[in-house]
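Some notes on the structure that comes next.
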Amino acid sequence: MRVMVTVGIIGVLCGIAFARPLVLNPRAIPAWDVPAENWQFYPIQWQTQPLTRGEVGDGEVAVTVTVDDYLTMDPPFETAHYTRHMSLAQFRFQGGLVLRARERQAYRLQLSASDDTIALWKTPENFLATTDLKLEKGQSVRLMVRLAGPRITVFADGKQLIDVIDRMEPVLRGRVLAGANHARLRFDSFSIKRLTALELSPAVPHQPALVVRPWCGARWIFDGVEPIARLGDGKDGKSWDGFPIALYSAKLRPGTREADFIPLCYRTLGNWPEAPIAVRTETADRIVLEARSSDRRPDHAPTATALFRLTLTYDAGRDTYIYDVDSTVTYLTARKPFGEVLDPWAYGVTGPAHPEAPRWDRRYTHLLWRGEDGRFYRQPLNHFSIFGGLLSATQPEVVYAGETDVNPRYELYGASLLTRYETGLCTVMHDLHVMPTRKGEMAAGATERFQWRVSSLHGAEATRLWQESVWSVPETVQQRVYALFFPAGTGFSPEQTITATESCDMQPFSPRAWYELDPLVGHRAPGSLCIDAAGASRAVTVRHGGSYFGQPFDGRELELTAYVRSEALDGAFTISLDVHGQPGSRVASVPISGTTDWRRVTLRVRPQPANYFVTISLAMESKRGAKGLAWVDDISLLPVGKATR
């Protein structure tokens, strides 16, 4: 539904006066610096300077902008983050105006001289509208933006280009800034005028206007002027890890943030793009795409192929886009069937693993699914509550829940109901593995058909489903307490623990059954982790690092400090560090046995930017039935020295 807004102009607001044009990056344009893992690079940050002294609400902002020069780079296709997110298009813009900026909220009116386009973007992941604007280096354009409540109207050289209503939690006040994105921009003749009181007209139902067209180096599906999904055909016709053939940055409702990526291949079957995604039907209310994939490799022929047909429509009654996927798998040789039908990884299901990591939005907190008995069950999204089980035989579906505007819903239907599905939640990335239960070998020439649907569950329907759902684990498990890892200092206090039903991004010490939390014994204050030798040899571990777990490594050494105590220990206790992807990096402490007072343990490793994580292991070596205890407290893992990049 759209709300129409009419306004009037009454006066001039005070902006910052400039005696000469404001130039961003006048001496040197900052070089692009994309580390091997890009979480600290998300979202792409502009170089900015304020144009107003305080916050501005409704008004008309005008300025003359010139893109003098800019640096370009190819987006980092090798990283899962940018290939799956709409932020990929941000590499194509040189800067513009930042509007109503406050904390992490803002609109950006973005200019691209490289792609001849102008776009209205809302933090953190939402292109509200985009259209063509011919722009050369050194060419000035007079921009005027009318901000009237949730309505934003953009003019360039007097011509109206964009007129949109932000219907999802609009930003209504904030500062105005000039911004550059690895470019040199000039801003001149800035002014801002206040608007009169707003007059709201009746809401107008959304009417889809679907079309496929090129934009910012790729093919996109648009709904009017709003980009709602990017077509991904693979990387130069070569197979690579992840989901190369897919709809990326898919929106599930008009005007909302990107919510999902929808694979048009089965990862466990092979993701070689046999042909670019073809557009079979293109009307205002329906898009039909066709994609073909296989397990082909440069050194061997395919053993199976898959044909995908995706139909995109808009359901006005539910106010959601519907992505229907109909796939047929053909086995060319006798072989085992592929393993996963769905592996959904909705945008925002996971966040940085510890407080020191750069922040980004973590949107979804729980997973809901329909179980064998037809009831909906709920499970928190954290890195230690592992979900696995059978879905309903007649209505198998799962929902990522926690947002007010969009909650991705996945339904298997039609031909998919010929088999049952078991699931498993990945405790690393919170993607959900949905696996057919059929067994045995597929004969050459055999085919399988699967149908599934992606849409949004929101509003009253989402509230009702949450209220009707029940926890997936019994009450005794719900109250189980886990210790969380804080790199700056883990003291195992109650504030550094969490129960099994709470949603959390931080990494736990696991497995939980292999340790106890002692509330009385501690190094400097009560509270520690205790391991009993009676349980035989085991290792309690926790991960720390870049990729999906936290901030990227920068080449500096990491120093682990911990304090260890033992009592009548009939065994050996050690702490070790190991860098994933760096053979021979493991270092370990001297084993302790018997009875000892608190001892300080110090270990160092040097992870590189391309390394994903470091594993801390608290290892007990003993025979079953052995006696004795070991306590660990005040663990920290911090960088030392200067960064190498």
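The values are calculated or read from the model by the stated rules, or taken from the named source; none is laboratory data. Because the structure is a prediction, the values reported are computed rather than measured. Neighbour counts run over all protein chains shown; Cβ positions are idealised from the backbone, glycine included.
Among the numbered conditions (1) buried (at least 19 other Cβ atoms within 10 Å of the Cβ); (2) modelled with pLDDT of 90 or more; (3) in a loop (DSSP other than H, G, I, E, B); (4) not aromatic (Phe, Trp, Tyr), tell me where His354 comes up short.
(2)
For the list (1) modelled with pLDDT under 90; (2) in contact with a Phe, Trp or Tyr (Cβ under 9 Å, 6 or more places away or on another chain); (3) closer than 30 Å to Pro609 by Cβ, I need the number of the one condition that Thr541 fails.
Of (1) modelled with pLDDT under 90; (2) in contact with a Phe, Trp or Tyr (Cβ under 9 Å, 6 or more places away or on another chain); (3) closer than 30 Å to Pro609 by Cβ, only one is false for Thr541: (1).
Looking only at strands (runs of 3 or more DSSP E) that fall completely inside region 243-318, which ones have 3 or more residues that are farther than 20 Å from Val341 by Cα and among the aliphatic types (A, V, I, L, M)?
272-283
Taking Leu97 as the residue in question, decide whether it is more than 20 Å from Pro254 (Cβ to Cβ) and touching a residue at least 60 places away in the same chain (Cβ under 8 Å).
yes
Here is a list: Arg253, Arg292, Arg280, Arg297. Which entry is closer than 25 Å to Gly348 by Cβ and either at pLDDT 95 or above or not aliphatic (A, V, I, L, M) (or both)?
Arg253
Among the strands (runs of 3 or more DSSP E) confined wholly to region 1-74, which include 1 or more residues that are among the basic types (Lys, Arg) and either modelled with pLDDT under 90 or within 26 Å of Ile152 (Cβ to Cβ) (or both)?
Answer list for region 1-74: 2-6.
Do we have Pro552 as part of a loop (DSSP other than H, G, I, E, B), at pLDDT below 95, surrounded by fewer than 19 Cβ atoms within 10 Å (Cβ to Cβ) and not hydroxyl-bearing (Ser, Thr, Tyr) here?
Answer is no for this residue.
Going through region 380-409 one residue at a time, which ones are within 16 Å of Arg363 (Cβ to Cβ) and among the hydroxyl-bearing types (Ser, Thr, Tyr)?
Tyr400, Thr404 - these are the residues of region 380-409 that are within 16 Å of Arg363 (Cβ to Cβ) and among the hydroxyl-bearing types (Ser, Thr, Tyr).
Tell me the residue from Ala513, Ala525, Ala500, Ala488 that is within 30 Å of Leu390 (Cα to Cα) and surrounded by fewer than 18 Cβ atoms within 10 Å (Cβ to Cβ), please.
Ala513
Answer with yes or no whether Thr123 is at pLDDT below 90 and of a type outside the set (Lys, Arg).
Yes.
In this structure, does Leu603 turn out to be in contact (Cβ under 8 Å) with a residue 60 or more places away in the chain, hydrophobic (A, V, I, L, M, F, W, C) and closer than 25 Å to Tyr482 by Cα?
So Leu603 does not fit the description; no.
Is it the case that some residue within region 452-461 is surrounded by 14 or more Cβ atoms within 10 Å (Cβ to Cβ), among the polar types (S, T, N, Q) and assigned to a loop (DSSP other than H, G, I, E, B)?
Looking through region 452-461, none of the residues is surrounded by 14 or more Cβ atoms within 10 Å (Cβ to Cβ), among the polar types (S, T, N, Q) and assigned to a loop (DSSP other than H, G, I, E, B).
Condition first: in contact with a strand residue (DSSP E or B) (Cβ under 9 Å, 6 or more places away or on another chain) and either part of a loop (DSSP other than H, G, I, E, B) or surrounded by fewer than 16 Cβ atoms within 10 Å (Cβ to Cβ) (or both). Now tell me which residues in region 367-388 satisfy that.
Across region 367-388, the qualifying residues are Glu372, Arg375, Leu381, Asn382, His383, Phe384, Ser385, Ile386, Phe387, Gly388.
Could you tell me whether region 474-488 includes any residue that is farther than 27 Å from His544 by Cβ, touching a Phe, Trp or Tyr at 6+ places or on another chain (Cβ under 8 Å) and among the charged types (D, E, K, R)?
No, every residue in region 474-488 fails to be farther than 27 Å from His544 by Cβ, touching a Phe, Trp or Tyr at 6+ places or on another chain (Cβ under 8 Å) and among the charged types (D, E, K, R).
May I ask you to verify whether Pro227 is at pLDDT 85 or above and either assigned to a strand (DSSP E or B) or within 14 Å of Ala129 (Cα to Cα) (or both)?
Judged against the criteria, Pro227 is a match.
Somewhere in region 182-196, is a residue farther than 23 Å from Asp285 by Cα, under 29 Å from the mean Cα position of the chain (by Cα) and not polar (S, T, N, Q)?
Yes: one or more hits.
Tell me which residues, restricted to region 482-498, are outside any loop (DSSP other than H, G, I, E, B) and among the aliphatic types (A, V, I, L, M).
Listed by number, the residues that qualify are Ala483, Leu484, Ile498.
Determine which member of the set Ile575, Ile531 is closer than 21 Å to Gly628 by Cβ and in contact with a Phe, Trp or Tyr (Cβ under 6 Å, 6 or more places away or on another chain).
Ile531
With the requirement that a residue be crowded, with 19+ Cβ neighbours inside 10 Å, on the phi > 0 side of the Ramachandran plot and either acidic (Asp, Glu) or modelled with pLDDT of 95 or more (or both), what does region 137-189 give you?
Hit for region 137-189 is Gly174, nothing else.
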